[in-house]
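Have a look at the structure below before the remarks.
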Amino acid sequence: MRTAVDVLMVGVGGQGTVMASDILAEAALAEGFDVKKSDALGMSQRGGSVVSQVRLGTKIFSPMVKKGEADILLGFEKLEAARWAGHLRSHGLAIINDQAIPPFSVSSGSEKYPPDELVLDLLHRKTERVFFVQGMALAQEAGTTKALNAAMLGFLSVLIDVINKGAWLESLTRALPARLLDLNLVAFEMGRQAAEAARKPLERGT
Amino acid sequence: MRIMKKLLSGNEALALGAYHAGVRVAAAYPGTPSTEILEALAGYPGIYTEWSTNEKVALEVALGAALGGVRAMSSMKHVGLNVAADPFFGASVTGIQGGLVVVSADDPGMHSSQNEQDNRHYARFAKVPMLEPSDSQEAYDLIILAFALSEEFDTPVLFRTTTRISHCKTVVEAPDNLAPKVGEARFVRNPSKYVMVPGYARPRHRAMEERMERLAAYSEVFQYNRVIPGEPKLGIVASGVAFQYAREVFSDASFLKLTMTYPLPAELVRRFASSVERVIVVEELDPFLEDSIRALGIPVEGKSLFPIVGELSTEVVEEGGRKGGLLPPAPTPWGRGWRQDSVQVAVEVGCLPTEVGATATQRRLQSADPAGQGKCDAQPGDGAAASLPLRPPVLCPGCPHSACSFALRRLGFYRSMPTSGQADGGKLPGSMRPSGLIVTSDIGCYTLAVYQPLLALDTCVCMGASIGMALGMEKAGIQNTVVAVIGDSTFLHTGIPALVDVVYNQGRTTVIILDNETTAMTGHQGHPGMGVNARGQKTTKVCLEDLCRGIGIKDVHVVDAFDMEQVSATIQGCVARDEPSVIIVRGDCPLHVRAPGEPFAVRQEDCDGCNTCLRVGCPALVRVGNKVTIDPTMCVGGNCDVCAQVCPREAIVLGSQIEARVQGPGSRVGLMESEELVGGCPRDVGVDVPRPEEKE
Ligand SMILES: Cc1ncc(C[n+]2csc(CCOP(=O)(O)OP(=O)(O)O)c2C)c(N)n1
Ligand code: SF4
Ligand code: SF4
C-alpha cells in the first residue's frame, strides 16, 4: 500500500517552479511528514524545462517520483504539462497554468506548439481530473506576474488538504523576501479562491 | 544543545557537517553537481573558502592546509578529480596531519556533464578509503566521521556523492548552535613523510598498504555498513541513492547497506551472503561492488539485471527486478486504464478531495474523446508525448556569446550539415568549403552554440582542450583555418598552459577568449579574471590581455562582444596573419550584472521574413506568421542590439522608435558584405536542418 503523496511540478526556467516546490516541501515538513524533493537543476536557468519532484509521507525512500505514480501534476506551462502527463497516476490530479511559452523550435517556426486539444488529450489518457488555472491573470491581478507560483500554490493548497493553511503561509513567509511577501500572499489567496470556485460545481453535481 | 530539523540538499548538509567538524580551509572549482558545497561553506564563519583556478590547485591548497595541521576539504565534480588526480594520488602517499576530505560529486545520467565516469574507481586506484551517503542526513553524519577517519588512518578520504544525493533535499537533524572546534595550524617538519623522493616514497608505499589492511578491518565494524534483516530469499547489496530505489522496490528483501564502499568489509559481505539465498547488487554505473564481491568467490548478480549506462531510478530497478524474476511481471502499460485503488489510497492518505472531477469544458472535450480510457500511458518517449517539441537549454536573451558564435558560423560551415551525400551534390555529410573555419570549442555556456540555430562549433572535449586541439589540427596539416574558442574561466582553469604551448611551438592558432567576466554556466561564481572571491568580496583582478601578452602573444585584441562587425572583422584579420593571436571578446552576462535596457522591436512593414535575425539564437525573437517579432518582456536591450545589426532590411529598432514612427539607425550592411567575401549565404536560415540530439 502506498504511503506517499507524490507531486510533480513542471515548468520553464524562470517561472519559479523550484521555489514553489521548496515551499510545498517546507510546509509538508512543518506538518510532520517525511519529505524528499528533487530538482532538475543544471541548465534550467537557460530557458530549459524544469522539473521538481516532491514526495511526502510517513517514510520516504526514493527522492524521485516514479513514472505513472504522481498523485498531482502542477504544470506551470502547458507544453511541459503535456510532456509530463504520463507521469501522473490514473485518476491523478492535474493543475495546469493556462500559459504557453514557445520553445525555440516553435518561435523559429520549425515546429508547432501543441494545440490545447492535444494537451488535454494527453492528460485525459491518465485522468479526468484536469484543472486549467488562469495563473498569469491571477498573478497580474495580485500585482505582478512574478507571483505566478504563489497563485498556483494557492490553487494546489485547496486540493492537497493534508497541509493546513497556516503551514502554507508560514512556508511562504520564510521563502519570500519581505518586500514581495504581501503581493505573493494576495496571489496565494486568489489561487485558493479560484480552486474553491472550480471545485464547487462539481460538489453540487454529486 | 538544541537539535533542529531541516530540509537540506546533500550539498548543504555536507557543508554544515564540515563546518561542525571544524573544517578550517575549503577550496573548490565550480562544477555541477558539486558547486553548492563551497557556496554554502562560504556562508559560515571561521572557514577560509576559495574558488581556486582549477581542481588541481584546489586540492593542493587543501592538502597544504592539512599538512599545516588543520582540517581541510576540497570539492569538485567527477571530471574535476581527473584534473586533481595528481595531488590526489600524492596525498595518499604523504598522508596528512589535519583531516583531509576530497568530495567528488558524480553525475550519472549526465544531467550537466560531458561524461559519466564512475569515480569510485579512484578510491581503489589511489588507495584511499571512500564513503558514500545515501541521503542528506548521512551526508551530514558521514562528513564529520570522514575527518576523524582521515586523521585516525593518516589518509585523505574520498567522499563520493552523485547528482541525486547532492541536489535532492531530505530531512536532516543536526545541532542548531554548535560552536565548532577548529584546530591550531602547526606544521611539523617530517621530510621522509612529506618530501616524496624515491628513497622516502618507497617506505610510504608499504605504509599505504598497511593502512589499507587496517582500514579493511575497520570497515567490518564501521557502524554505517549495516545489515537490514528481511526475507532471506533475496539479499540486496546497495549504497548511495541506489539503496533508496532498491528499498522502495524490494521492500521485503534483506539488505546490506554499504556506506564505506572502499575498502569493502569482506567478512560482513560473506556473512550476509551466506544468510540469503540470492545476492543482488544494485549500483549505478560500473560493477564496482559487484566485481569485488565476485572476487571474494561469492555468486552475485548485478549488471546482468541493471544497466551500466545512465542513472538508476525506481522504474529501472523495478525493470531489473522483473528481468531477474524477483518481481511479478509488469502490468501491461496498454489498456491499464485508470486504477481505482490509487484513488482510494490517495483519499486514505488524505491527499485528495473525493469529489473533484472534470469541469464543464473538459466534460465537453471528454465527450468528444471519451477520456482516453484504455489508451496507452503517455510517457515522454512514447507516442504523442514524444512528438512534442523539445525545450533544450538556449543562450539567454542578450547573451554576449551570441554575436561571436553567429560570426563563427558564418565563417565556418558552408551551409547546415547536409543529411546525405546526394542532397549536397555528392559531397560527404558535414563537408566544409575549403576556406571554412574549424572551431575547436571548450566547456561553458558558449557550448550551447553547437545547437540550432548557431551550429557554430566542431569540437568540445574537456575543459581547456580547445587550444591544444587547435594547435594539433594545425600541426596535422589541416588546410582549413582552425580557431579555438574558450570561456574566460575555462581559459584560466587549463587554457593557459596550452596557449604557452602555442607560443613555444610556433603555432599560428587564433584563440578567442569569450570574456563575460564570470563563470556563468555553473551559476556565476567568481574567478581570477573577475576579481571577486568566493565570499563575493573584491580582490586582485588578473588582466587577461596582460596575461596573454606576458606569455608572448603579440597579436592581442579586445573587442566588444555585441559589435558583430568588429568581432567578425577581427577574426578574419587574425586568421589571415601568420602568427598566433588572441581575441578577447568582452561583454557582460546579462543574467549576472547588466540591468535591462529598452527592448527592441521589429518594424513589421519592413520585415520581409528572411529570418536572418533568428540565426542569432536569441529566445526573445519569435516568428509570428511570416514575420519576426520581439518579445519585449524577454529582450534585454541595453548593450545588445545584435539582431538589429544582422537584419539586412534594418527592420529592427528600439521599441520607442516604432511608436514614435522615427526612422531606424544608420546602415549596418558591413557584415553582409564581409560574408559575401567568404561565400556565406546570408539567407540560409536553417529551420531545415536535422535537430541535433538533445544533450547538455
Ligand atoms: C574539470 C571540470 N571542472 C568543472 C567543470 C564544470 N564547468 C563546465 S563549464 C564551467 C565554467 C565555464 O565558465 P566560462 O569558461 O567562463 O564560460 P561561461 O559559462 O561563463 O560562458 C565549469 C566550471 C567541467 N566541465 N570540467
Ligand atoms: S548565463 Fe550569461 S553567458 Fe550564459 S547563456 Fe545566459 S547570458 Fe550567456
Ligand atoms: S536586442 Fe535582439 S538579440 Fe539582443 S536581447 Fe533584444 S531581441 Fe535579443
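The values are calculated or read from the model by the stated rules, or taken from the named source; none is laboratory data. This is a predicted model, so every value here is computed, not measured. No Cβ is skipped: glycine too gets one built from the backbone with ideal geometry, and neighbour counts run over all protein chains shown. The area values use the complete protein model at the heavy-atom level, side chains included, leaving out ligands, DNA and RNA. Shrake-Rupley method; radii C 1.70, N 1.55, O 1.52, S 1.80 Å.
Of the two radii for the protein assembly as shown, the radius of gyration is 0.97 times the Kirkwood radius, both from the alpha carbons; that is the Rg over Rh value. Our coupling estimate for segment B:468-484, obtained by passing each phi through the Karplus curve with A = 6.51, B = -1.76, C = 1.60 and θ = phi - 60°, is x, 5, 5, 5, x, 5, 4, 5, 6, x, 4, 7, 5, 6, 10, 10, 9 Hz, Gly and Pro reported as x. Ordering B:VAL103, B:TYR200, B:LEU149 by Cα displacement along the dipole of segment B:97-233 toward the positive end leaves B:TYR200 in first place; charges were set at the Cβ atoms of Lys, Arg (+1) and Asp, Glu (-1). If you bin the C-alpha pair distances of segment B:83-188 every 10 Å from 0, what whole percents do you get? Reading upward from the zero bin: 14, 39, 34, 13, 1.
Within 10 Å of the Cβ of each residue in B:113-120, the mean number of Cβ atoms contributed by other protein chains is 0. Using 1/(1 + (r/R0)^6) with R0 = 56 angstrom and r between the beta carbons of B:GLU152 and A:LEU180, what's the FRET efficiency to the nearest 0.05? The value I calculate is 0.70. Residues whose amide H falls under 5 Å from that of B:ARG603, counting only those 5 or more places apart or on a different chain, are B:ILE652, B:VAL653, with hydrogens built in the peptide plane. How much of the calculated P(r) for segment B:230-329 lies past 15 Å, in percent of all Cα pairs? Distances greater than 15 Å cover 55 percent of the Cα pairs. Evaluated with a Cβ-only charge set (Lys, Arg +1; Asp, Glu -1), chain A carries a dipole of roughly 400 debye about its Cα centre, given to the nearest 20. About its Cα centre, the protein assembly as shown has a charge dipole of approximately 900 debye under the convention of +1 per Lys or Arg Cβ and -1 per Asp or Glu Cβ, with nothing else charged.
In the context of the full set of protein chains, segment A:137-206 has a per residue accessible area of 48 Å² (1.4 Å probe). Taking every DSSP beta bridge that has both residues in chain A, what percent is antiparallel when rounded to the nearest 5? Here the share of antiparallel DSSP bridges comes out near 50 percent. The label-point distance for B:GLU231 and B:GLU184, in a model that sets each label 7 Å from Cα toward Cβ, rounds to 6.0 nm.
Given the pairs A:LYS66/B:LYS323; A:LYS78/B:LYS303; B:LYS233/B:LYS257, which are separated by over 28 angstrom at their Cα positions? Flagged as over cut-off: A:LYS78/B:LYS303. Hydrophobic long helices, here whole DSSP H runs in chain A with Kyte-Doolittle means of at least 0.0 and Cα atoms spread over 18 Å or more along the helix axis, are found at A:17-30. Taking every DSSP beta bridge that has both ends in the protein assembly as shown, the antiparallel portion is near 35%. Here segment B:1-146 is treated as a sphere whose radius is the Kirkwood value from Cα pairs; by Stokes-Einstein at 20 °C and 1.002 mPa s it diffuses with a coefficient of 142 µm²/s. Taking 7 Å steps out from each Cα toward its Cβ at B:THR540 and A:LYS112 produces label points 6.3 nm apart.
Electrostatic tally near B:GLU284: other residues with Cβ closer than 10 Å to its Cβ, Lys and Arg +1, Asp and Glu -1, net -4. May I ask you to give the average projected area over all directions of the convex hull of the Cα atoms of segment B:402-586, in nm² rounded to one decimal? The directionally averaged projection comes out at 10.6 nm².
Rounded to the nearest 5, the antiparallel percentage of DSSP beta bridges internal to segment B:543-643 is 40%.
The P(r) of chain A has a tail past 20 Å containing 55 percent of all C-alpha pairs. In peptide B:394-401, what is the residue-averaged number of other protein chain Cβ atoms found within 10 Å of each Cβ? Mean partner-chain Cβ count within 10 Å for B:394-401: 2. Using C-alpha pairs under 8 Å with a sequence gap of at least 6, the mean separation divided by the residue count of segment B:1-49 gives a relative contact order of 41 percent. The mean number of Cβ atoms from other chains found within 10 Å of a Cβ in peptide A:70-83 is 2, as a whole number. Once the Cβ-Cβ distance of B:ASN505 and B:HIS121 is raised to the sixth power relative to R0 = 51 Å, the FRET efficiency obtained is 0.90.
For B:ASP286, the amide hydrogen comes within under 5 Å of no other amide hydrogen, counting only partners 5 or more places away or on other chains and with H modelled in the peptide plane. Between amide H atoms placed 1.01 Å from N, distances below 5 Å from B:VAL558 occur with B:ILE584, all of them 5 or more places distant or on a separate chain. Of the residues B:GLY310, B:CYS574, B:ILE165, the one whose Cα sits farthest towards the positive end of the charge dipole of the protein assembly as shown is B:ILE165 (charges of +1 on Lys and Arg Cβ, -1 on Asp and Glu Cβ, taken about the Cα centre). Determine the sum of side-chain charges near B:MET530: Lys and Arg each +1, Asp and Glu each -1, restricted to other residues whose C-beta is under 13 angstrom from that of B:MET530. Its environment carries a net charge of -1.
If a/c stays under 1.5 just call it rounded; otherwise compare a/b with b/c (prolate if a/b is bigger, oblate if not). Do that for segment B:22-70, with a ≥ b ≥ c from the square roots of the Cα gyration tensor eigenvalues. Oblate, since a/c reaches 1.5 and b/c is not below a/b.
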